[in-house]
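Presented below is the structure to which this report refers.
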2 protein chains.
Amino acid sequence: MDTDERIALAMAELLRKQGYAATGINQLARAAGAPTGSLYHHFKGGKREIAAAALRQTGAAYIQLLPLLLDAHDDLAAGIEALFAQAAEDMRDTGWANMCPVGTVTAETADTEPELREVAAEVMGTWVETGSRYFTTRGLAETDSRTVVFAVLSALEGAFVLARGLRSAEPFHAAGRTIKTYVASLCTEQPKTPTRARAQSGKRTGT
Amino acid sequence: MDTDERIALAMAELLRKQGYAATGINQLARAAGAPTGSLYHHFKGGKREIAAAALRQTGAAYIQLLPLLLDAHDDLAAGIEALFAQAAEDMRDTGWANMCPVGTVTAETADTEPELREVAAEVMGTWVETGSRYFTTRGLAETDSRTVVFAVLSALEGAFVLARGLRSAEPFHAAGRTIKTYVASLCTEQPKTPTRARAQSGKRTGT
DNA sequence: GCCATTCTAGAGTGACCGTTCTACCGGGAG
DNA sequence: CTCCCGGTAGAACGGTCACTCTAGAATGGC
């Protein structure tokens with residue numbers, strides 16, 4: 001694996017566990033198996049640039065999970081509920097540590113580190129864009145797709161926080177059930193096309 | 001105002017803007033208008049104890065908003081949508097800075113500061129308990145109340161993060177609409193047949 | 001062989017961290 | 001008056017911070 005990637009990956013791991021301010025460069029160096037000097041050789045911008053790279057890397061990886069998990073379900077609403085159940089399981093398996101670094105970093109640095117906030121906004125923007133495009137391919141109207149992806153992301157990020165604090169999977173299940181109901185209500189509103197059994201995905205029209 | 005309260009209030013303000021690790025004792029002393037020594041006189045536990053007090057204070061204040069905002073609406077579902085709209089407005093008015101300190105601190109310290117995580121869990125616990133009790137008085141079944149309060153809290157905390165990063169109120173509106181639909185479905189549904197193709201008995205505004 | 005470049009390695013630097021310490025102030029009790 | 005004490009004030013302390021600097025090892029072209 002590329003050294004840059006290894007550093008960014010280690011940073012992402014630390015960010016989601018303890019946030020940006022609490023993560024030290026020396027701690028990162030230890031975690032990444034690289035001396036301090038190497039960190040600054042690969043990322044001349046220092047801690048901030050490493051964090052930015054970590055956010056971008058994580059953001060790209062996370063959004064891929066959406067079609068990966070949802071394509072397995074013909075019923076979109078049920079798929080979304082399963083997605084939340086999966087997130088809950090991951091969270092529990094990692095000892096309630098598996099926060100999303102983008103959320104953590106955004107919450108603590110939006111006012112103090114403008115560059116990181118912009119990177120976070122960029123990542124979230126791709127989430128919304130990619131996600132709403134996917135939901136459109138699953139038969140939702142464009143405005144509904146956007147609403148659903150915002151609802152899913154908000155509920156996920158929030159459930160991460162609640163679950164992390166309470167050490168309970170309940171937030172995920174509640175959020176999943178809620179959005180499942182909403183998506184189901186959208187599907188029944190348009191009895192035109194049943195839209196069932198469709199497996200094609202990944203094909204995207206240029207923007 | 002009591003000095004202890006003033007310190008905790010200033011801490012809460014800093015926590016929700018920049019989190020726990022990035023908030024220094026000297027910065028807090030400046031913000032609270034008290035010298036370092038006074039801080040340690042009032043809170044022998046230092047930074048951690050002040051943060052704990054801030055979380056408890058904020059938590060108690062926040063949960064009071066729930067009945068305060070929802071009692072104004074006869075229609076519970078509409079009230080919840082209004083609650084999210086209100087949160088969006090506050091967020092925008094404060095320059096997208098108005099995070100919930102409980103969420104921020106939980107996200108960044110759950111693994112590194114066990115005492116703070118426990119305080120956060122205690123606060124969230126009272127939110128769930130108080131909130132579900134309130135929803136029960138509004139006519140929801142007990143299990144539904146619990147689901148709704150978890151969904152509302154998750155969506156709110158998540159929308160804070162998304163909105164803070166994107167500087168947009170859209171997450172709040174999407175989350176509000178979703179939960180409104182869910183609550184409406186709880187109020188109107190007593191279906192004997194699981195037919196989904198049929199329109200629900202209640203009226204639904206398209207939006 | 002040579003040299004330049006890339007990357008590793010970690011000691012060094014000044015600034016700031018949370019915390020502790022000492023000094024000081026106002027006022028009630030004797 | 002003196003003594004005490006809750007509270008104010010900020011200097012001092014050891015430690016850690018992000019970052020820089022210098023030196024050495026590895027690599028590729030000639």
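Across chain A, the fraction of Cα-Cα pairs farther apart than 32 Å, rounded to a whole number, is 23%. Remark: accessible surface ordering of B:Y40, A:Y20, B:Y62 (largest first) is B:Y40, B:Y62, A:Y20, probe radius 1.4 Å.
Return the single residue from A:L55, A:L65, A:L14 with maximal mean-square fluctuation; model: Gaussian network over chain A, springs between Cα atoms under 10 Å. It is A:L65.
With a point put 7 Å past each Cα toward its Cβ, work out how far A:D71 is from A:S38 in nm, to one decimal. The answer from the label model is 3.5 nm. Among A:A120, A:A51, A:A22, the largest mean-square fluctuation in a Gaussian network model of chain A (Cα springs under 10 Å) belongs to A:A22.
Within the set of other residues whose C-beta is less than 15 Å from the C-beta of A:A169, count the net charge using Lys and Arg as +1 and Asp and Glu as -1. For residues surrounding A:A169, the net value is 0. Relative to the Cα centre, the charge distribution of the stretch B:3-188, modelled as +1 at Lys and Arg Cβ and -1 at Asp and Glu Cβ, gives a dipole magnitude of about 440 debye. Comment: the Cα-to-Cβ extended label point of A:D74, at 7 Å, lies 4.5 nm from its counterparts in the other copies, nearest first. Taking every residue in B:17-27 and counting other chain Cβ atoms within 10 Å of its Cβ, the average works out to 4. Buried accessible surface for the B/A chain pair comes to about 4400 Å², total over both chains, computed with a 1.4 Å probe.
In units of the rule-of-thumb radius 2.2 N^0.38 Å, the protein assembly as shown shows an alpha carbon radius of gyration of 1.00.
Exposed loop sites here are trypsin sites (Lys or Arg not before Pro) in DSSP loop states with at most 10 other C-beta atoms within 10 Å. What is the longest stretch of chain B lacking them? Here the longest segment lacking exposed loop sites spans B:45-191. Using the 1.4 Å probe convention, the accessible area of chain A works out to 44 Å² per residue with neighbouring protein chains retained. Of A:H42, A:Y20, A:A8, which is farthest on the positive side of the dipole of the stretch A:1-58, counting Cα position, with +1 on Lys and Arg Cβ, -1 on Asp and Glu Cβ, and the Cα centre as origin? It is A:Y20. Applying a threshold of 26 Å to the alpha-carbon distances of A:K17/A:K180; A:K17/B:K47; B:K17/B:K180; A:K17/A:K44; A:K180/B:K17; A:K44/B:K17 flags A:K17/A:K180; B:K17/B:K180; A:K180/B:K17; A:K44/B:K17 as lying beyond it.
The values are calculated or read from the model by the stated rules, or taken from the named source; none is laboratory data. All of these numbers come straight from a predicted model, not from anything done at the bench. Using ideal geometry, Cβ is built from the backbone for each residue, glycine included, and neighbour counts are taken over all protein chains shown. Each accessible area value is taken on the protein alone, full model and side chains, heavy atoms only, with ligands, DNA and RNA left out. Shrake-Rupley method; radii C 1.70, N 1.55, O 1.52, S 1.80 Å.
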